[in-house]
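The values are calculated or read from the model by the stated rules, or taken from the named source; none is laboratory data. Remember, it's a predicted structure, so these values are computed and weren't measured experimentally. Note: ideal-geometry Cβ built from the backbone for every residue, glycine included; neighbour counts use all protein chains shown. Side chains included, ligands, DNA and RNA excluded: accessible areas come from the protein's heavy atoms. Shrake-Rupley method; radii C 1.70, N 1.55, O 1.52, S 1.80 Å.
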Amino acid sequence: MAIPLEQRRIAADEVRLPAGVPLEGTKGRILQEALRLFAERGFHGTSIRDLADACGIRSATLYAHYPTKEHVLAELIRIGHEDHRDRLLRAEGADPVSRLRAVVRAHVLAHAEHPLLAVVATNELHALSPEMAAPALLIRADARQLMYDILDEGLAQGLFEMPDTFLVLNAISGMGIRVANWYGTGVPYTPQEIADAYADLALRVVGAAR
């Protein structure tokens, strides 16, 4: 049963996964229903029975596709982190200023275009065992290093003016992550408009919008 909008933790309610993720058959249905339930209720608030009922299958059928509920979560978190990292890698620019703008736009679009996936990938990562969380944490570290490199290069070239790259990185990253919580169909902005606005804000944060 769907949770009423006023009681939901996030604004978005459309289940979407990145292009290329197989959605056919029972395994695809499990991923989609798990995404919806984990985003609305959290991993620990969703039982195997809840997930099986949402898919219209028996619990034993679900286990035929995923050994445990944790494996379903790990798959969603992997998909979310890989999509985010790949978007950042495709963001290009001729200099640190244009690269930062492109990377921030990509970061925000990942959270606005797939908000349920972004919420689960961020908020439920702690529910995984260290072994199952490790691949996503490595991907996340690569994405953070990409941003660090842009900030350090801009600082070295005198294009950015900021007191602490660690704080700036977390401020820029954090404001993009929160988009997934409040963006939904009732918001009067497109994902592209939000991405452009946040890119401008990021350039102000690093002192490049002078």
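Here the range 79-134 exposes an accessible surface that is 53 percent carbon and sulfur, computed with a 1.4 Å probe and the other protein chains kept in place.
Where the only charges are on Cβ atoms (+1 Lys, Arg; -1 Asp, Glu), what is the dipole of the chain about its Cα centre, to the nearest 20 debye? With Lys and Arg at +1 and Asp and Glu at -1, about 360 debye.
Using a probe of 1.4 angstrom and keeping all protein chains present, the accessible surface of the chain works out to 50 square angstrom per residue.
For the chain, leaving out every one of the GluC sites (Glu not before Pro) that falls in a DSSP loop and has at most 15 other Cβ atoms within 10 Å, the longest unbroken run is 93-160.
Hey, how much of the P(r) for the range 102-190 falls beyond 16 Å, as a percent of Cα pairs? Here the long-distance tail beyond 16 Å is 61 percent of all Cα pairs in the range 102-190.
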